[in-house]
1. Please state which of the following conditions His20 fails to meet, knowing it meets all the rest: (1) part of a strand (DSSP E or B); (2) of a type outside the set (Phe, Trp, Tyr); (3) within 16 Å of the ligand (Cβ to nearest atom).
2. Give just the number: which of (1) buried (at least 18 other Cβ atoms within 10 Å of the Cβ); (2) more than 14 Å from the ligand (Cβ to nearest atom); (3) of a type outside the set (Gly, Ala, Ser); (4) over 14 Å from the mean Cα position of the chain (by Cα) does Asp133 not satisfy?
3. Looking at the range 31-63, which of its residues are under 20 Å from Val113 (Cα atoms) and in a loop (DSSP other than H, G, I, E, B)?
4. Exactly one condition in (1) among the hydroxyl-bearing types (Ser, Thr, Tyr); (2) out of contact with any Lys or Arg (no Cβ under 9 Å at 6 or more places or on another chain); (3) more than 19 Å from Ser7 (Cα to Cα) is not met by Tyr122; state its number.
5. Within the range 44-58, can one find any residue that is modelled with pLDDT of 95 or more and under 16 Å from Asp10 (Cα atoms)?
6. Across the range 64-83, which residue is farthest from the ligand (Cβ to nearest atom) among those that are in a strand (DSSP E or B) and more than 14 Å from Asn106 (Cβ to Cβ)?
7. Would you mind finding the one in Tyr127, Tyr92, Tyr122 that is more than 10 Å from the ligand (Cβ to nearest atom) and aromatic (Phe, Trp, Tyr)?
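The values are calculated or read from the model by the stated rules, or taken from the named source; none is laboratory data. All figures in this text were calculated on a predicted structure; none of them were measured in a lab. Here the Cβ is made from the backbone with ideal geometry for all residues, glycine too, and neighbour counts use every protein chain on show.
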Amino acid sequence: MKTGKTSVYDCSIIELDKHHSDAGNITVIENQDTIPFEVNRVYYLYDIPGGQERGGHAHKELRQLLVAASGSFDVVLNDGSVKRTVTLNRPYQGLLVVPGIWRELNDFSSGSVCLVLASHKYDEADYMRSYEDFLEYKRQFLN
Ligand code: T46
């Protein structure tokens, strides 16, 4: 699928493996088996001040799985036509975010951790940080 043609409905919750024991839980994510891309980078957002927003950009190629490893936050997905808000609050659920989707993360609970598994290494050229440029990019792929 052309990355510019993606919609918010191409983003989905993936239920992750949860192994429960009296000693606690463990969740495992494996390349290809659990998620539909190879993981080349892992990073996490933490110590996020109350009321802070993250994201506010889109990617041209990057695919990501976002997990609330601790606490909760909202992800507002926007494909230029439709907005959809997904609340992440379970460490055994991941939100697959496809390329070409503007995202904003907000309403972080105190102490929350957003774990991100990403398909590519960091590349600033992959970012669309201007909302106007993002809309223009999506318009090119209409029809
Ligand atoms: C997303 C949310 C969940 C690096 O140097 N390497 C990296 O791998 C990353 C991700 C960031 N940085 C630097 C670049 C910027 O100067 O860290 C700074 C903040 O990065 P960014 O604007 O990407 O941060 P967030 O938290 O707004 O967004 C990130 C992801 O990039 C984004 O795709 O969905 O986390």
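1. So the condition that His20 fails would be (3).
2. Unmet condition: (1).
3. Once the filter is applied, which keeps residues that are under 20 Å from Val113 (Cα atoms) and in a loop (DSSP other than H, G, I, E, B), the range 31-63 yields Val39, Asn40, Tyr46, Asp47, Ile48, Pro49, Gly50, Gly51, Gln52, Glu53, Arg63.
4. Of (1) among the hydroxyl-bearing types (Ser, Thr, Tyr); (2) out of contact with any Lys or Arg (no Cβ under 9 Å at 6 or more places or on another chain); (3) more than 19 Å from Ser7 (Cα to Cα), only one is false for Tyr122: (2).
5. yes
6. The initial filter retains those residues of the range 64-83 that are in a strand (DSSP E or B), namely 64-70, 73-78, 83.
After this cut, where a residue has to be more than 14 Å from Asn106 (Cβ to Cβ) as well, the list is 64-65, 67, 69-70.
On the way: Gln64: 6, Leu65: 10, Val67: 10, Ala69: 12, Ser70: 15 Å.
Applying the filter and picking the extreme gives Ser70.
7. Details: Tyr127 fails: more than 10 Å from the ligand (Cβ to nearest atom); Tyr122 fails: more than 10 Å from the ligand (Cβ to nearest atom).
On inspection, the qualifying residue turns out to be Tyr92.
Conditions (1) surrounded by 15 or more Cβ atoms within 10 Å (Cβ to Cβ); (2) touching a strand residue (DSSP E or B) at 6+ places or on another chain (Cβ under 6 Å), marked per residue:
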residue: Ile35; (1), (2): yes, yes
residue: Val67; (1), (2): yes, yes
residue: Asp79; (1), (2): yes, no
residue: Lys121; (1), (2): no, yes
residue: Arg129; (1), (2): no, yes
